[in-house]
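Working notes for the structure below.
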Amino acid sequence: MSDDRTSDERPAGTSSAPGPSGAAQPARPHVVVVGGGFAGIATMRALKDADVDITLIDRHVYNMFQPLMYQVATGGLNAGDVTYFLRSLRSKQSNADFRHGLLTTVRADERVITLRDGEEISYDALVLANGVNTSYFGTKGAYEFAYSMYSRSQALRIRDELFTQLENAAASQGSGEVRVVIVGGGATGVEMAGALAELRDQALKDAYPEIDASSITITLVHRSGELLKPFAPRLRRYAAKVLRKRGVDLRLDTGVEEVTPDGVRTASGEFIPAELVVWATGVAAHAEVAAWGVPQTHGGRIQVNDDLTVKGLDRIWAAGDIAATDDALAQLAQPAIQGGEHIGEQIERLLAGKPSTKFKYHDKGTMATVGTNAAVVQLPNGFTMTGPVAWLLWVFVHITSLLGNGNRLSTLTHFFVRYMWALRKRAIPIVGDVRPVRPNGDRAPEKWQTEKAE
């Protein structure tokens, strides 16, 4: 995998090491992986025994287990339960290193990347697996006033804002309301709505006796006529039935025209008041991807060939949510994990002088929860499952998918405690902080007046 440059021509980011005779030895091939999510970590692990040096680069110093982020946002889990320190991966993989940084430019002809702080790093293989960010589809006011949930800090802001509004309602001695509008009826929106309904019906009765339960409302607005479109029709109907039974107001076939500081305006002109708007629909590439010189498609995702190499570029691969394949794989954990594993295999094949192979995705099924004892599971053979058994399977799969035994044990403990308390209708939420009260009695500035999340 040499690029025919001598050691004197080697750019920044490579090194030479003295051999047994004292002479400098060429550096091993350098694999740079951008993104510490499912795809990036899968790539790194696939190269654990390869004769390469790996540098993992991420804008954060942690991996956040995205499928359980809504649990953090609703006080079900601590952020630490589903967060893993990326530098800890080095203790299990001697050929890996970590760099905290943001990729800004790619010079594919020189095989060099530049980070935002100006550091240049050369590579022999580059893997782009940096994920995506929220897309607001140009909806007026959505960026300013809605809360998205694509990082730990964003999930915590939702949680803190929720409890700030609860405290405001409690202080009003019965006249206050806490109205939450969730935009999006995919898995994230459905799981968020179910968790909020569970929180309201179990924990808040004891924690906030001053608030009438009827003044805490949850509305899910979805442009389509059905929830969970990737699932079988009976699973969509089940999810809608459970949410309605748990007191969630479903507004299907309803688009959002505008988000305001106090609610959302639908495409039909109806105004739905809200103290908190959660945006749970739409993804797009991070803005910096446009400067990388890679081919992009809808939502700014990177176009890849059937072997996951980036179209038109040599020795650059992409996987996970950022990669746009011709067969339009779902932006879920399994396609990202399998894509990362495939790229690791392709890099080893390149090292061995072998041709690349086509990526073949093996569908292992998909699932979503609607709350305790309610979930939907769809297997690739067409078999579907709902109810408590599906929920237990969902719990098992998500806990075993976490990074680190400590996180698995902590999350399992929290789920067990919450489930046992739920049987008694007294679940205990995990709270963080609320906006402080100023001397004049007002709360600190609202979210849209503070610094935006990444």
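Of 140/364; 311/364; 48/229; 140/229; 241/360, which pairs sit farther than 29 Å apart, going by alpha carbon to alpha carbon? Violating the 29 Å limit, Cα to Cα: 140/364; 48/229; 241/360. Note on residue 311 and residue 61: the model spin-label points, each 7 Å out from Cα along the C-beta direction, lie 3.9 nm apart.
Remark: relative contact order (the chain) = 18 percent; criterion is Cα-Cα distance under 8 angstrom and separation of 6 or more residues.
Out of the total accessible area of segment 227-378 (probe 1.4 Å, heavy atoms of protein only), what percent is carbon and sulfur? Carbon with sulfur: 48 percent of the solvent-accessible area. Dipole magnitude for segment 301-433: computed about the Cα centre from +1 point charges on Lys and Arg Cβ and -1 point charges on Asp and Glu Cβ, it is near 600 debye.
So, with a 1.4 angstrom probe, what is the percent of accessible area on segment 112-165 that is carbon and sulfur? After summing per-atom areas, the C and S share lands at 47 percent. How about residue 358: which aspartates and glutamates have a C-alpha closer than 14 Å to its C-alpha, ignoring those fewer than 8 places off in the same chain? Partners within reach: 306, 307, 326, 327, 341, 345. Counting only Cα atoms, the size of the chain along its three principal axes is 80, 57, 43 Å, in decreasing order. Students often get this wrong: which residues of segment 128-167 have the backbone nitrogen under 15 Å from the point 7 angstrom along Cα-to-C-beta of residue 210? Counting backbone N atoms under 15 Å from the label point, the list is 163-167.
Taking the longest Cα principal axis of the chain as reference, the axis of helix 152-171 is set at about 10 degrees. Taken about its Cα centre, segment 40-127 carries a charge dipole of roughly 320 debye when the Cβ of each Lys and Arg holds +1 and the Cβ of each Asp and Glu holds -1. Measuring only protein heavy atoms, the 1.4 Å probe finds residue 433 accessible over about 100 Å². Per residue, the solvent-accessible area of the chain (1.4 Å probe, heavy atoms of protein chains only, all protein chains present) comes to 45 Å². When peptides 50-58, 88-96, 373-381 are sorted by average Cβ neighbour count within 10 Å, with the highest value leading, the order is 50-58, 373-381, 88-96.
Given their separation in residues at 0.36 nm each and the Cα-Cα distance between them, residue 85 and residue 396 gain 109.7 nm when the chain is fully extended.
Against the chain, whose longest principal axis is taken from its Cα atoms, helix 187-198 shows a tilt of about 40°.
The values are calculated or read from the model by the stated rules, or taken from the named source; none is laboratory data. Because the structure is a prediction, the values reported are computed rather than measured. Don't worry about glycine lacking a Cβ; one is built from the backbone with ideal geometry, like all the others, and counts go over all protein chains shown. Quick note on the areas: whole protein, heavy atoms, side chains included, nothing else; ligands and nucleic acids left out. Shrake-Rupley method; radii C 1.70, N 1.55, O 1.52, S 1.80 Å.
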